[in-house]
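Below you'll find the structure, written out as structure tokens, and then a few comments.
Here, each number is a calculation from the coordinates, and none is a lab measurement. Note that this is a predicted model, so its numbers are computed, not measured. So basically every Cβ, Gly included, is an ideal-geometry build from the backbone, and we count neighbours across all protein chains shown.
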Amino acid sequence: MRLLIIYADKFGYKTSQKGLENVKEINEEKELNNVLVGFIQVEEKDEENASYVETKLVKNLKWAARKNETNKIVLHSFNHLSNSKASPEFSKSLIDRADERLKKSDYETAQTPFGYFLDLDIQAPGNPLARIFKDF
């Protein structure tokens with residue numbers, strides 16, 4: 001898994017076009033403030049060790065949220081950090097499980113529409129913990 005974490009004063013998105021044919025049509029636009037955004041690349045090798053990867057994802061997001069003093073986390077599937085890609089079904093399932101675990105830990109969570117390219121609007125402060133990259 002590769003994970004790019006960005007803390008944003010403002011994170012907005014709007015669905016642009018489908019990246020996967022089999023997802024239903026969604027026309028969505030949303031804006032969130034004081035939020036941690038996880039750009040998540042689930043890789044093929046992650047399918048062999050799902051529990052470990054899921055736990056690492058959740059722990060890294062919780063740690064970064066605490067460091068940036070927010071309890072809001074957005075999970076965004078982002079297949080642009082590696083050439084290796086897990087199946088869409090596995091990726092979505094892993095993200096959904098991580099979402100549930102974060103909610104049980106009292107985090108407010110949101111997911112961007114899975115299988116879509118999005119128009120993004122990100123306003124992020126220039127501090128060292130506002131941008132973190134992890135590879136596990």
Residue-averaged [θ]222 nm for the chain, counting only DSSP H segments that reach four residues, each worth -39500 (n - 2.57): -8500 deg cm²/dmol
query: Under 5 Å between amide H atoms, partner at least 5 residues away or on a different chain: which partners does ILE73 have, H built in plane at 1.01 Å?
result: LEU36, GLU108, THR109, ALA110
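Of the beta bridges DSSP finds with both residues in the chain, what % are antiparallel, to the nearest 5? Display every interim value, and only then the final one.
Numbers: 25 of 34 bridges.
Within the chain, antiparallel bridges account for around 75 percent of the total.
Count neighbours as other Cβ atoms within 10 Å of each site's Cβ, and list the trypsin sites (Lys or Arg not before Pro) in region 1-67 that are DSSP loop with at most 15 such neighbours. Could the numbers behind the result be given before it?
On the way: sites: ARG2, LYS10, LYS14, LYS18, LYS24, LYS30, LYS45, LYS56, LYS59, LYS62, ARG66, LYS67; in loops: LYS24.
Those satisfying the criteria are LYS24.
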- prompt: Which ³J(HN,Hα) values, rounded to whole Hz and listed in residue order, are derived for region 124-135 from phi using the Karplus coefficients 6.51, -1.76 and 1.60 in 6.51 cos²θ - 1.76 cosθ + 1.60 with θ = phi - 60°, glycine and proline given as x?
  reply: 10, x, x, 10, x, 8, 7, 9, 9, 10, 10, 10
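Within the chain, which is the longest segment that contains none of the GluC sites (Glu not before Pro) sitting in a DSSP loop with at most 16 other Cβ atoms within 10 Å? Don't skip to the end; give the middle numbers.
Details: sites that count: GLU21, GLU25, GLU28, GLU69.
For GluC sites (Glu not before Pro) (loop position, at most 16 other Cβ atoms within 10 Å), the longest site-free span of the chain is 70-136.
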message: I'm spelling it out carefully: the read-out is P(r) over Cα pairs in 10 Å bins from 0, in percent, the candidates are [x] 12, 38, 29, 15, 6, 1; [y] 12, 43, 34, 11, 0; [z] 12, 45, 37, 6, and one was derived from this structure. Which label?
response: [z]
message: Apply the Karplus curve 6.51 cos²θ - 1.76 cosθ + 1.60, θ = phi - 60°, to the phi angles in region 84-97 and return the couplings in whole Hz, x for Gly and Pro.
response: 7, 10, 6, 5, x, 5, 5, 4, 5, 5, 5, 5, 4, 5
query: Taking Cα pairs under 8 Å and at least six residues apart, what relative contact order does the chain come out at, in percent?
result: 42
- line: Counting only residues 5 or more apart in sequence or on a different chain, those whose built amide H sits under 5 Å from that of ALA86 are VAL42, GLU43, GLU44
statement: Counting sequence-distant residues (5 or more places) and residues on other chains, those with an amide H built under 5 Å from that of GLY19 are TYR116, PHE117
task: Read phi for every residue in region 35-50 and hand back ³J(HN,Hα) as whole Hz from Karplus 6.51 cos²θ - 1.76 cosθ + 1.60, θ = phi - 60°, with x for Gly and Pro.
output: 10, 9, 10, x, 8, 10, 10, 8, 9, 4, 5, 5, 5, 7, 9, 4
